[in-house]
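Step one of this worksheet: look at the structure below.
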Amino acid sequence: MKSAEELKALYESELKPKLEGMEKKRKTIKLHWTLGGVLAIVSFLFIRLITNQTILYIVAALAIIGVLYLFIKGGIKYFSYRKEYKSEVVSKIINLINPDFKYNADKHIDSHKFVESKLFSKTPDRCKGDDYVTGTIEKTDFEFSELKAEYKTTSTKDGRTETTWHDIFSGLFFHADFNKHIEGSTFVLPDFAEKLLGKFGQKFQKSFTHGKLVKLENPEFEKEFVVYSSGQQEARYILTPVMMEAMVTMQKKYKRKMYFSFIGERVYCAISFKKGLFEPQIRKSGVNFDEIEEMYHLFSLIETIIHEMNLNTRIWTKE
């Protein structure tokens with residue numbers, strides 16, 4: 001992993017001049033969308049005062065055309081701006097972390113990998129995402145992307161069928177080679193019950209459907225996570241003191257809901273984020289080192305997880 005000084009040097013020499021050159025595009029997009037919003041509000045207020053129906057229809061039609069024009073024109077410019085931002089800024093950050101990583105701005109991890117993780121009880125009806133990164137760190141291959149998984153429900157009202165989409169997960173999803181074939185499955189999940197209800201919450205932990213509750217001898221780990229597994233002994237074999245300490249360190253550093261599963265020959269990790277990541281800012285200036293630094297640290301999670309969890313240390317052999 002590169003140093004903070006190297007990131008700052010890249011920003012000053014390459015990224016900042018590029019972002020400054022893109023500011024005109026960003027401001028144009030912001031202007032189109034702002035004018036579209038203002039026109040919609042003003043038109044709505046004005047239409048309420050019109051009593052002549054013919055004039056009302058004409059004004060409403062013109063307002064709709066004007067609003068759509070401004071938003072569509074802004075949207076077209078945004079997609080062009082976003083494409084340039086991903087290729088000229090985001091890709092360079094990833095290249096700084098590791099030039100051997102492969103990056104695709106529009107791709108995401110396949111939904112079947114999300115299902116394979118068994119981290120969430122609902123099966124998604126669709127998965128969306130972007131910023132797909134794949135590669136190998138020493139001996140460990142991985143895939144990483146932003147991912148949003150959703151399921152749908154349908155209802156019928158007045159003879160019409162309505163479809164509603166519900167979130168299962170939104171954030172960063174990651175899976176990597178584990179250094180041993182796992183016979184069963186082990187899950188490390190955020191411990192909501194104990195955090196909210198203290199020791200009383202432990203009663204609710206036992207009803208989970210991912211396997212049997214595993215209690216470990218690490219009080220700090222037990223405060224942050226709850227473990228379920230198909231095999232008590234295998235869970236302890238996987239969750240070494242070093243592994244548990246690494247998970248606690250990451251939890252304290254990023255302060256996000258983190259979910260882990262160990263299945264087959266893979267470790268899966270889902271880190272919850274509600275906002276979109278690695279996207280260009282429109283409301284405020286894109287010439288902002290803090291935004292670049294945040295992206296750098298999020299992409300660096302790949303190496304952090306692999307190194308912190310000792311996935312490169314082949315202490316077991318696969319058979």
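The values are calculated or read from the model by the stated rules, or taken from the named source; none is laboratory data. Note that this is a predicted model, so its numbers are computed, not measured. Note: ideal-geometry Cβ built from the backbone for every residue, glycine included; neighbour counts use all protein chains shown.
Some points to look at:
- The range 179-208, residues that are at pLDDT below 55 and either within 24 Å of I306 (Cβ to Cβ) or buried (at least 17 other Cβ atoms within 10 Å of the Cβ) (or both): A193, E194, Q205
- Matching residues in the range 159-171 - criterion: being in contact with a Phe, Trp or Tyr (Cβ under 7 Å, 6 or more places away or on another chain) and either assigned to a loop (DSSP other than H, G, I, E, B) or over 15 Å from Y259 (Cβ atoms) (or both): H166
- Test: residue in the range 241-256 that is outside the structural domain of K8 (by TED's automatic domain parsing), in contact with a Gly (Cβ under 9 Å, 6 or more places away or on another chain) and of a type in the set (G, A, S): no
- Yes/no for S121 being of a type outside the set (F, W, Y), assigned by TED's automatic domain parsing to the domain that holds F173 and free of Cβ contacts under 8 Å to residues at least 60 places away in the same chain: no
- None of K107, K77 is assigned by TED's automatic domain parsing to the domain that holds E6, touching a residue at least 24 places away in the same chain (Cβ under 8 Å), surrounded by 13 or more Cβ atoms within 10 Å (Cβ to Cβ) and charged (D, E, K, R) except K77.
- When the range 240-267 is limited to residues that are part of a loop (DSSP other than H, G, I, E, B) and modelled with pLDDT under 90, the one that is farthest from L189 (Cα to Cα) turns out to be T240.
- Of all residues in the range 209-231, those being assigned to a helix (DSSP H, G or I) and surrounded by fewer than 16 Cβ atoms within 10 Å (Cβ to Cβ) number 3.
- Qualifying residue in the range 71-86 (condition: within 19 Å of the chain's Cα centre (by Cα) and under 23 Å from E303 (Cα atoms)): yes
Here's the yes/no breakdown for (1) surrounded by fewer than 18 Cβ atoms within 10 Å (Cβ to Cβ); (2) acidic (D, E); (3) out of contact with any helix residue (DSSP H, G or I) (no Cβ under 9 Å at 6 or more places or on another chain):
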{"site": "S117", "(1), (2), (3)": "no, no, yes"}
{"site": "T123", "(1), (2), (3)": "yes, no, no"}
{"site": "R126", "(1), (2), (3)": "yes, no, no"}
{"site": "T164", "(1), (2), (3)": "yes, no, yes"}
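- So T156, is it modelled with pLDDT under 90, of a type in the set (V, I, T) and in a strand (DSSP E or B): yes
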